[in-house]
Amino acid sequence: MCKAMMAGFAVACGRLSGRNFSKIFTRTATFSRCLSKRPRNVPSRLEQRILRVHLTEAQRDFHLTAWRLADTTVSCPPFADSITEGDMRWEKAVGDFVNVDDTIGEVETDKTSLAVKSTVSGTITALLVEDGTTVTPGTALVTIAAGDAAAAAPSSPADETSEKKPDKSSEEKPVEPPPASATPEKASIPTSMPKVPPLPKAPMSTTPASQVKPIAATDASLPTSVGSRSEERVKMNRMRIRIAERLKEAQNTCAMLTTFNEIDMSNVMELRTKYKDAFLKKHGVKLGFMSAFVKAAGFALRDQPVVNAVIDGNEIVYRDYVDVSVAVSTPKGLVVPVLRNVESMNYAEIEKGIEELGVKARDGLLAVEDMDGGTFTISNGGVFGSMFGTPIINPPQSAILGMHGIFDRPVAIKGQVEIRPMMYIALTYDHRLIDGREAVTFLRKIKSAVEDPRVLLVDL
């Protein structure tokens, strides 16, 4: 804090005369040297003492105001090219202390949520936008006064006096004994249960039953409802609104048709049971069922490339790569991060990719680039216990595979009825592009590759 600024402030307030100006000026210079050696936006313990002892009340207010004006401002982070705005959701409040890279809040966009992180360690002094406000990149969101946690809570002179001078009244005042009524006497303790008074004998009613009027169902003294009947309105977040729009767009655009099949999961479950420990030890991830279906989907999409294609105007775009979107449920809605080039991945690489995308989705760290693209989607409703369902296409894709729960059912095996772990699978496809023959052939490829993974080795 420069000396000229302090001198001008003192003269403007009219609190200093010519006699004591030099003395106050010297104290101000001491405080200024302290600031120059320790440039922070929150006063330290020493600086707080200088404020209390050496400066007047008006000068203290001036310095504290200068500190607040020097707070660090955190702005809205940049979005992806296809996103222009988002809704602000706060996780911290004014007065909370945050460290560097702590999440203060998040900006919910149509596709993902962007975390707003603190650039300094300090105390939040002001939230510049309200919760739920629509913001754009570069918008000032919050101000933070830099400093450590101890400096963020300055102590008052009364606190220091109380620390130096303990309360003598609590030490010298004798402890009064409890009143005599509070001390139970030995003779007053009951030794037996009191006698139950007899019930009064009420006279029997002599009114005939035919003259007794029934209670009306609309009697005002009776409750008209049972339980709570309250309502609550909650604004939909941008991600849920965008999901609703895309699903309705898919229904209005695509000629959706669904075909079904069932898979005997005996071999896959046996494979998983036999090699799960060795798989986890070598690759560091668990061997699940998703890798079998993702790998089978990559195999079937190469065999039926029209399922991997998309309609663009009056043209059909065929791809020679397979990017599988894996549907992941989050508290804010369904997201579909993408595994790239699945056709060249093995089981271990698929499991590692799915685990990494799942962690990002749960922590809200998915970027738009993680969900862009995708040529085919797999949705696993079986993790929630679903037995049967018809998924909806994820536009602009042309098909989606729905997995369901594994349940023991009686099936015919070589003329004999056996109990096998079975799963229903469903393929919803755009009938404008994909005919029934391609859809059924694709689903049978999935079935054969999952039931017997050796099909993948011999490329059948």
Quiz item: List the GluC sites (Glu not before Pro) in region 74-143 that DSSP assigns to loop (not H, G, I, E or B) and whose Cβ has at most 10 other Cβ atoms within 10 Å. Which are they?
Solution: E130
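For region 231-321, what class follows from the C-alpha gyration tensor (a ≥ b ≥ c being the square roots of its eigenvalues): rounded when a/c is under 1.5, otherwise prolate if a/b is larger than b/c, else oblate? Can you show the working numbers first?
Working: a/c = 2.37, a/b = 1.39, b/c = 1.71.
The shape class here is oblate.
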Quiz prompt | region 255-324: chymotrypsin sites (Phe, Trp or Tyr not before Pro) falling in loop per DSSP and having at most 11 other Cβ within 10 Å | solution = Y318
Quiz item: Averaged per residue, what accessible area in Å² does region 344-460 show with a 1.4 Å probe, protein chains only?
Solution: 50 Å²
Quiz item: Where a ≥ b ≥ c are the square roots of the eigenvalues of the C-alpha gyration tensor, would you call region 378-460 rounded, which needs a/c under 1.5, or, failing that, prolate if a/b is larger than b/c, or oblate?
Solution: oblate
Quiz item: Net charge near M422, counting Lys/Arg +1 and Asp/Glu -1 over other residues with Cβ under 11 Å of its Cβ?
Solution: -3
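Shape verdict for region 308-438, please, from the Cα gyration tensor: rounded (a/c under 1.5), prolate (a/b greater than b/c) or oblate.
Because a/c hits 1.5 or more and a/b fails to exceed b/c, region 308-438 counts as oblate.
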Practice problem: Calculate one ³J(HN,Hα) per residue across region 100-105 by plugging θ = phi - 60° into the Karplus curve 6.51 cos²θ - 1.76 cosθ + 1.60, and present them in order as whole Hz with x for glycine and proline. | Solution: 4, 6, 6, 7, 8, x
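Identify the chymotrypsin sites (Phe, Trp or Tyr not before Pro) of region 359-460 meeting these criteria: DSSP loop state and at most 12 other C-beta atoms within 10 Å of the C-beta.
Within region 359-460, the qualifying chymotrypsin sites (Phe, Trp or Tyr not before Pro) (loop, at most 12 other Cβ atoms within 10 Å) are F388.
The values are calculated or read from the model by the stated rules, or taken from the named source; none is laboratory data. All values derive from a computational prediction rather than experimental measurement. Quick reminder, even Gly has a Cβ in these numbers, built from the backbone with ideal geometry, and neighbours come from all protein chains shown. Just the protein is used for accessible areas: all its heavy atoms, side chains included, with ligands, DNA and RNA removed. Shrake-Rupley method; radii C 1.70, N 1.55, O 1.52, S 1.80 Å.
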